[in-house]
Every structure is written in structure tokens, then in C-alpha cells.
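Student: To start, I am sharing the structure in question, which I have written as C-alpha cells.
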């Protein structure tokens with residue numbers, strides 16, 4: 001089941017949160033299992049499955065990262081448990097961030113941790129700028145595979161940065 005079709009929203013890398021919430025509540029009203037307690041068992045099971053899909057889709061679409069992952073999977077460009085090879089230059093920068101994080105933790109220096117967090121957040125904004133137009137202006141059937149592959153690299157870089165940020169917090 002395609003979640004974009006389920007929610008009747010355009011295929012996009014950036015979901016309008018207002019439309020998403022509206023569609024979610026409409027679908028919940030229509031397919032909530034409590035409204036089908038008197039229905040036949042087959043219909044109850046079908047509604048339960050649909051309600052579960054609605055909740056899962058909503059959770060994905062609420063997160064920009066998860067939306068990107070979902071769309072890339074739908075396009076066959078990202079596989080679960082894929083071993084994506086990030087560029088060596090990026091990995092070197094991540095090694096430096098990790099070393100700084102370990103040093104700041106060993107020293108117990110909250111100011112260094114805050115500074116590092118700011119550096120990582122700034123770096124995250126920089127890598128987003130490189131794909132911002134691809135993400136914000138994505139058009140299904142018009143945007144190229146090359147653009148989507150750049151978004152895929154951004155997704156994996158951001159995933160890496162999120163792990164570092166989680167280590168800071």
C-alpha cells in the first residue's frame with residue numbers, strides 16, 4: 001500500500017504538515033476500529049489493517065528524514081540495512097567530530113559539548129543547502145534519479161550526524 005495514495009497527497013520529499021494532520025484525522029474518523037465493532041470479522045480485520053497503515057504512514061510523514069527514506073525506498077533507490085558508502089572526506093570530518101566528542105566527554109566540559117553541538121548543527125545545515133532545492137521542489141516523474149541519489153547521500157550523512165548529536169545529548 002502506497003502511503004501517498006492512502007493519504008491522497010502528492011508524492012513529495014517535504015509533506016505539508018497542515019494537510020497531513022487534516023488527512024490523518026479524516027482517515028482515523030473513517031477507519032477507526034471502534035466504529036466497526038458490529039461489522040463482520042473480515043471487515044474488522046480489514047479496518048484494523050488499514051488503521052495500522054494510517055498510523056504508520058502518519059509517523060513516517062511527520063518526520064522529514066523518514067519521509068525521505070520512504071520515498072527513496074518506493075523509488076527502489078534505498079534498501080533496508082543497505083551498506084551505503086559515504087565519501088572519505090565526509091568520514092574524515094565525522095572522525096574529527098567523534099574525537100572532539102570523546103575529548104569533551106572525558107574532560108566533562110559542557111561548554112565544549114555545546115560548541116561541538118553547534119558545529120555539528122551548522123555542518124548539518126550546510127549539507128542540507130546542497131540538496132535543499134531537490135527536497136523542497138521535488139516533482140514526481142520530473143525530478144531526476146541523479147537528484148534523488150544526491151538526496152540519498154544527504155539522508156545517510158544526516159543519519160550519521162544525528163548519531164553524533166545523540167552522543168552529545
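A short reminder: the numbers here are calculations on the coordinates, not readings from a lab. If you're wondering where the values come from, they're calculated on a predicted model, not measured in any experiment. Don't worry about glycine lacking a Cβ; one is built from the backbone with ideal geometry, like all the others, and counts go over all protein chains shown.
Student: Determine which single condition residue 3 fails, assuming it passes every other condition in (1) closer than 29 Å to residue 140 by Cα; (2) surrounded by 12 or more Cβ atoms within 10 Å (Cβ to Cβ); (3) free of Cβ contacts under 8 Å to residues at least 60 places away in the same chain.
Tutor: Unmet condition: (3).
Student: While we're here: In the range 8-38, how many residues are more than 30 Å from residue 148 (Cβ to Cβ) and either in contact with a helix residue (DSSP H, G or I) (Cβ under 7 Å, 6 or more places away or on another chain) or assigned to a helix (DSSP H, G or I) (or both)?
Tutor: Of the residues in that region, 10 qualify.
Student: Follow-up question, since we're still on this one. Please go through (1) touching a residue at least 40 places away in the same chain (Cβ under 8 Å); (2) more than 17 Å from the chain's Cα centre (by Cα) for residue 31 and return the number of the only condition it doesn't satisfy.
Tutor: The one condition residue 31 does not meet is (1).
Student: What are the pairs, 6+ residues apart or on separate chains, where a residue within the range 144-159 that is in contact (Cβ under 8 Å) with a residue 40 or more places away in the chain has its Cβ under 7 Å from a residue that is surrounded by fewer than 17 Cβ atoms within 10 Å (Cβ to Cβ) and outside any helix (DSSP H, G or I)?
Tutor: Final answer for the pair search is 148/75; 148/77; 149/77; 152/77; 156/84; 156/86; 157/86.
Student: Could you pull out the residue among 127, 135 that is under 22 Å from residue 76 (Cβ atoms), in contact with a helix residue (DSSP H, G or I) (Cβ under 8 Å, 6 or more places away or on another chain), in contact (Cβ under 8 Å) with a residue 12 or more places away in the chain and in a helix (DSSP H, G or I)?
Tutor: Just a single option satisfies the conditions, and that option is 135.
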